[in-house]
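Trainee: Right, I'll just put the structure down here and ask away after.
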Amino acid sequence: MKKKGILNSNLSRVVAAMGHTDKLVIGDCGLPIPRKAELIDLALTTNVPRFLETLEIVLEELVVEQAIIASEMETKNKQLYKKVKELLKGVKITKVSHEKFKQINNNGGNISFVRTGEATPFANVILISGVNFS
């Protein structure tokens, strides 16, 4: 049994298997997810688990070189936006429209999804994996 870090076996496996430029989407409970996509569904009930706590735990183990968020997060969920920026300090953050965000999710590539119970608007991020080379 693992002592710490990501305890969910499916999420731990996905993070460990990620290569450079692979994508991991952490989303709220309303984000549309392609039916055939790999999904780690953590949602238990409304706001359990929360988006930010899930993001924080994933960032402890995943090297991230870039993140994509919906531009609407900055204006329509300012508090969340501020916290996401703090957690992703030093990571390039690209903002796109929410519609474009959903298109990126649907157009695939090496992409997996983590569904949280979060029930606040625009609580979604695409994490693009980096490499842990010096």
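Trainee: Compute, for the chain, the length of the dipole vector about the Cα centre, with Cβ point charges of +1 (Lys, Arg) and -1 (Asp, Glu) only. Units Debye, rounded to 20.
Mentor: The dipole magnitude comes to about 60 debye.
Trainee: Is the shape of the range 67-114 best called rounded, prolate or oblate, per the rule: a/c under 1.5 gives rounded, else a/b larger than b/c gives prolate, else oblate, with a ≥ b ≥ c the square roots of the Cα gyration tensor eigenvalues?
Mentor: oblate
Trainee: Here's another thing I want to ask about it. May I ask for the net charge around Lys23, where only other residues with Cβ less than 13 Å from the Cβ of Lys23 are counted and Lys, Arg are +1 while Asp, Glu are -1?
Mentor: Taking every Cβ under 13 Å from that of Lys23, the sum is -3.
Trainee: Rank Thr116, Thr75, Thr46 by mean-square fluctuation in a GNM of the chain with C-alpha springs under 10 angstrom and give only the top-ranked residue.
Mentor: Judging by the Gaussian network model, the answer is Thr75.
Trainee: For the range 1-46, what class follows from the C-alpha gyration tensor (a ≥ b ≥ c being the square roots of its eigenvalues): rounded when a/c is under 1.5, otherwise prolate if a/b is larger than b/c, else oblate?
Mentor: Oblate shape, in that a/c is at least 1.5 and b/c is the bigger or equal ratio.
Trainee: Taking Cα centroids, how far is the range 1-38 from the range 96-114 in Å?
Mentor: One Cα centre to the other: 14 Å.
Trainee: For the range 109-124, just list the computed ³J(HN,Hα) in residue order, Karplus coefficients 6.51, -1.76 and 1.60, θ = phi - 60°, integers in Hz, with x standing in for Gly and Pro.
Mentor: So the J values, rounded to whole Hz, are x, 7, 9, 10, 10, 10, 9, 9, x, 3, 10, 10, x, 6, 8, 9.
Trainee: For the chain, set up a Gaussian network in which alpha carbons nearer than 10 Å are linked by springs, and say which option among Ala17, Ala123, Ala70 fluctuates the most.
Mentor: Ala17
Trainee: In the full protein assembly as shown, how much of Lys76 is accessible to a 1.4 Å probe, in Å² to the nearest 10?
Mentor: My reading of the accessible area for Lys76 is about 130 Å².
Trainee: Can you list residues whose amide H is under 5 Å from Phe113's amide H, if they're 5+ apart or on another chain and H is modeled 1.01 Å from N?
Mentor: Long-range HN contacts for Phe113: Val25, Glu38, Leu39, Ile40.
Trainee: Moving on. Excluding Thr54 itself, calculate the net charge of residues whose Cβ lies under 15 Å from the Cβ of Thr54, where each Lys or Arg counts +1 and each Asp or Glu counts -1.
Mentor: Here the count lands on -4.
Trainee: Nearest 5 is fine: what % of DSSP beta bridges in the chain come out antiparallel, could you say?
Mentor: Percentage antiparallel, nearest 5: 40.
Trainee: Continuing with the same structure: How would the chain be classified by its alpha-carbon gyration tensor: rounded, prolate or oblate, with rounded meaning a/c under 1.5 and the a/b versus b/c comparison settling the rest?
Mentor: The shape class here is rounded.
The values are calculated or read from the model by the stated rules, or taken from the named source; none is laboratory data. Source: prediction; values computed, not measured. Every residue, glycine among them, receives a Cβ derived from its backbone with ideal geometry; neighbour counts consider all protein chains shown. Accessible surface is based on the protein model in full, side chains and every heavy atom, while ligands, DNA and RNA are left aside. Shrake-Rupley method; radii C 1.70, N 1.55, O 1.52, S 1.80 Å.
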